[in-house]
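Here is the structure we will look at, set down as structure tokens.
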Amino acid sequence: MAGKVEKMASIDAQLRMLAPAKLSEDDKLVEYDALLLDRFLDILQDLHGDDLREMVQECYEIAAEYEGKHDSQKLDELGNMLTSLDPGDSIVMAKAFSHMLNLANLAEEVQIAYRRRIKLKKGDFADENSALTESDIEETFKRLVVDLKKSPAEVFDALKSQTVDLVLTAHPTQSVRRSLLQKHSRIRNCLVQLYSKDITPDDKQELDEALQREIQAAFRTDEIRRTQPTPQDEMRAGMSYFHETIWKGVPKFLRRLDTALKNIGIDERVPYNAPLIQFSSWMGGDRDGNPRVTPEVTRDVCLLARMMASNLYCSQIEDLMFELSMWRCNDELRARADELHLSSKKDAKHYIEFWKKVPPSEPYRVVLGDVRDKLYNTRERARQLLSSGYSDIPEETTLTSVEQFLEPLELCYRSLCDCGDRVIADGTLLDFLRQVSTFGLCLVRLDIRQESDRHTDVLDAITTYLGIGSYREWSEERRQDWLLSELNGKRPLFGPDLPKTDEIADVLDTFRVIAELPADNFGAYIISMATAPSDVLAVELLQRECHVKTPLRVVPLFEKLADLESAPAAVARLFSIDWYRERINGKQEVMIGYSDSGKDAGRLSAAWQLYKSQEELINVAKEFGVKLTMFHGRGGTVGRVHGVDSGGAHGERDMAKTVTTLPLSIHHGLGAALSGLPISAVWW
């Protein structure tokens, strides 16, 4: 009975015992840490007995004493205790401490977020040195206006012209399994809710039980992924970030921008079609050194992304249909609704809501119902193509472009504004418009990355087949002359009888997949180990030969130290080609690599050369009147924990260093590669 009474004691009383020292309002780390540790030790005791709990607790206390005093006797004592364990207990002990470290990290993350909220409530600027916080948007705008003497209109105009492209790479640096990431996320949520001021005692008890469940479930889950993920697995894992946070986070962030702009005197919202944030992915597109990424994989990944995007839109458009129940509309919307109502002939029993024919007295729902039908067909067509390679759903019944998707939504927005209902238009409908503008029909655009030598192999096979020599052995000048003569001509270079190795066929089939799928599936074609203008022109020619109707923008990636040194001269030669300047229409993207240059020359030399190269590239672009976007290929490593490792800062701090290294590099656009740990640190 006494045990039951003890278990029923309030969480608050237990916390006072666990962390008896008086805590400041903005420093809850001790409470968070103590609660998680106590709950975990209780679970360990239930699963493995009193002796192991006492052993873990004793090791923990001895380690803490050594950390405080650096007493070598304590270190020897700890070593003797650990070496006395049998193999089975050693495994449990190691897993227990690994789990305790994870819980300590989670407590720290929640505490950082809590302190940030307190500072913002007090009007303090957020801590810029924290790797897990973002700069306060409103304070940033105010500094631009007050300190830098920029007018609010200038800030607004500059904001509308900026684009940040966040690229989820395919590098599997995230060693923590997705199953554990989800459990850790739920533990964080439990902690946040436990310390909410308006929580009831019953709520606290239920949250404490949920917290214990998640801690035990995480401890019982294998920390190691036992099978190698396929590119499709990587894509699904990447898409989970959209489902969990990014999908709803983007409109929330843009609303925060609206509020910040209003507070500096701009009574206007950020246009829904302003490309402030874009998302790209290398998962299923990065074939540089990865033979598992085949043309078939690229096709599957594109269809998967299209299916997942349609699924997210389908669930959300019904919420929009519930909200837009108004009968008053403008003449344009009324005519569209009447036309659609007449063409609708039967009930749609496969829907949960609004499955019966919507009456014409609800015109917004009639129009949105037609959009929902097209989204449903888009999803089902992608699903059928993915599973069987064939679909009986006609393409004309689906959504095939973002413009087609936006048109009826824009019609609804205009009608609401015309009828004096702008406040309604700026609600869920505006969020939906912003999501469509940001994510399109495929959530992320897939970038294709291939090594420059693979394109050289293809062109060498073509020139050998044509009997005009070996492309590989030609000088750079001769390569450029031949490539430009072909790009300016109209004859096909080769037919189906071109002799092909498997590697050459793989490159050509990739271009054919790009030609086959909708253009909005793809972003850039990145050439790794690029060194010369011919590397870029080669990709342009291969796109034309494989009938890519909307050619991908071609992005040279300069990685090694020597390539970075010669990059400005190579880009200047490229811009001096009339055909190419006309092709890019005044816009060019260049990617610079951090890891290879660091390995090639050392961190300090590489950092200096990266700075110099960016500065020189920007000057070259200005000389030729080209707007340059710098794509920073700075990912993460497995060993990074909460901000630092032997190689540098992590996550948002890492990205901030990249951006502030050279402010000129983000006058028009910024691309940043996020991989593994940085992705989860930002969005879980």
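Observations, loosely collected:
- Net charge in the neighbourhood of LEU430 (other residues with Cβ under 15 Å of its Cβ; Lys, Arg +1, Asp, Glu -1) is +1.
- Entries of LYS183/LYS248; LYS160/LYS183; LYS500/LYS560 with Cα pairs more than 27 Å apart: LYS160/LYS183; LYS500/LYS560
- Restricting region 264-323 to GluC sites (Glu not before Pro) that sit in a DSSP loop and have at most 15 other Cβ atoms within 10 Å of their own Cβ leaves GLU268.
- Taking amide H positions as modeled 1.01 Å from N, with prolines and chain starts lacking one, the residues under 5 Å from GLU589 and 5 or more places away or on another chain are THR629.
- The ranking of ASP286, ASP497, ASP38, ASP426 by Cβ neighbour count inside 10 Å, starting from the fewest, reads ASP497, ASP38, ASP426, ASP286.
- The trypsin sites (Lys or Arg not before Pro) found in region 480-517 that occupy coil by DSSP, while having at most 14 further C-beta atoms within 10 Å, are LYS490.
- Normalised alpha carbon radius of gyration of region 155-313 [divisor 2.2 N^0.38 Å]: 1.35
- Mean projection area, nm², convex hull over Cα of region 394-519: 12.4
- Where Rh is the Kirkwood radius over Cα pairs, Rg/Rh for region 292-439: 1.01
- Order of CYS419, CYS302 under a 10 Å beta carbon neighbour criterion, fewest first: CYS419, CYS302
- Expressed per residue, the C-alpha convex hull volume of region 445-558 stands at 97 Å³.
- Between amide H atoms placed 1.01 Å from N, distances below 5 Å from ILE277 occur with VAL164, all of them 5 or more places distant or on a separate chain.
- Sorted by Cβ density within 10 Å, fewest first, the residues MET239, MET100: MET100, MET239
- Residue pairs, from the table LYS252/LYS627; LYS150/LYS262; LYS121/LYS142, whose Cα atoms sit over 19 Å apart: LYS252/LYS627
- When the Cα convex hull of region 218-299 is projected onto planes of every orientation, the mean area is 9.1 nm².
- Using θ = phi - 60° in the Karplus curve 6.51 cos²θ - 1.76 cosθ + 1.60, the 3J(HN,Hα) couplings for region 195-209 round to 9, 6, 6, 9, 7, 8, x, 5, 4, 4, 4, 5, 5, 5, 5 Hz; x is entered for Gly and Pro.
- Alpha-carbon gyration tensor eigenvalues x 5, square-rooted, for region 418-461, Å: 47, 9, 6
All of the numbers you see were taken from the coordinates with simple rules; none came from a lab. It should be emphasised that the depicted structure is a prediction, and the values quoted were computed from it without experimental measurement. Note that each Cβ is placed from the backbone with ideal geometry, even for glycine, and that neighbours are counted across all protein chains shown.
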